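Have a look at the structure below before the remarks.
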Amino acid sequence: QVQLAESGGGLVQPGGSLRLSCAAVGNMQPFLTMSWYRQAPGKQRELVAALATGFITKYEESVKDRFTISGDFAKGMSYLQMNNLKPEDTAVYYCHAGDLLGAEYWGQGTQVNVSS
């Protein structure tokens, strides 16, 4: 059984920064993709950033040039560096991973609040 655990959320003022971390625990197969999603109150969960083997990255338009995804596939670790945070970035952030057997995993979520 593989579990993902996020950390690093919290309250930050507009313009501030946070770094989210996601760690896989358990008997995991190698991951092929590691991603971060977020869900704001009353909205659908959306993809924020994705990382695939070969260091292919993808970002949601509103976070380009502000957020950076990175990770270590061998260790099952991913990170989301978030700079110049805005109130509209307030949401629960979830990490996600997909392995080479097609299994998908979700973390429990970490709250990010951007407010003055």
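The values are calculated or read from the model by the stated rules, or taken from the named source; none is laboratory data. What you are looking at is a predicted structure, and each value in this text was computed from that prediction instead of being measured. Positions of Cβ are backbone-derived with ideal geometry, glycine not excepted, and every protein chain shown enters the neighbour counts. The protein model used for the area step is the full one, side chains on, heavy atoms only, and it has no ligands, DNA or RNA in it. Shrake-Rupley method; radii C 1.70, N 1.55, O 1.52, S 1.80 Å.
How large is log10 of I(q)/I(0) for region 1-67 at q = 0.16, 0.17, 0.23 Å⁻¹ when the intensity is taken from the Debye formula with one equal scatterer per alpha-carbon? Taken in order of the listed q values, log10 I(q)/I(0) reads -0.71, -0.80, -1.29.
For q = 0.09, 0.15, 0.21 Å⁻¹, what log10 I(q)/I(0) does the chain give under the Debye formula with an equal point scatterer on each alpha carbon and no solvent? The computed values of log10 I(q)/I(0) come out as -0.22, -0.59, -1.12. Each Lys and Arg contributes +1 and each Asp and Glu -1, all at the Cβ; summed about the Cα centre of region 1-60, the dipole is approximately 80 debye. Simple rule: put +1 on each Lys or Arg Cβ and -1 on each Asp or Glu Cβ in the chain, find the dipole, and look at PHE67, TYR105, GLN29; the Cα lying farthest toward the positive end is PHE67.
DSSP beta bridges confined to the chain are antiparallel in about 90 percent of cases.
Ranked by solvent-accessible area (1.4 Å probe, protein heavy atoms only, all chains present), the residues PHE55, PHE73, PHE67 order from largest to smallest as PHE55, PHE73, PHE67.
Roughly what % of Cα-Cα distances in region 49-116 sit above 21 Å, to the whole percent? Show your work: numbers first, answer last.
Numbers: 639 of 2278 pairs.
When all Cα pairs of region 49-116 are counted, 28 percent exceed 21 Å.
Rolled with a 1.4 Å probe across the full set of protein chains, the surface gives ARG45 an accessible area near 100 Å². Only the Cβ atoms of Lys and Arg (+1) and of Asp and Glu (-1) were treated as charged; on that basis the dipole of the chain about its Cα centre amounts to roughly 140 debye.
When TRP36, TRP106 are compared by accessible area of protein heavy atoms, the largest-first order is TRP106, TRP36, using a 1.4 Å probe. Which distance in Å, rounded to a whole number, links the C-alpha centroids of region 49-116 and region 1-25? About 9 Å separates the Cα centre of region 49-116 from the one of region 1-25.
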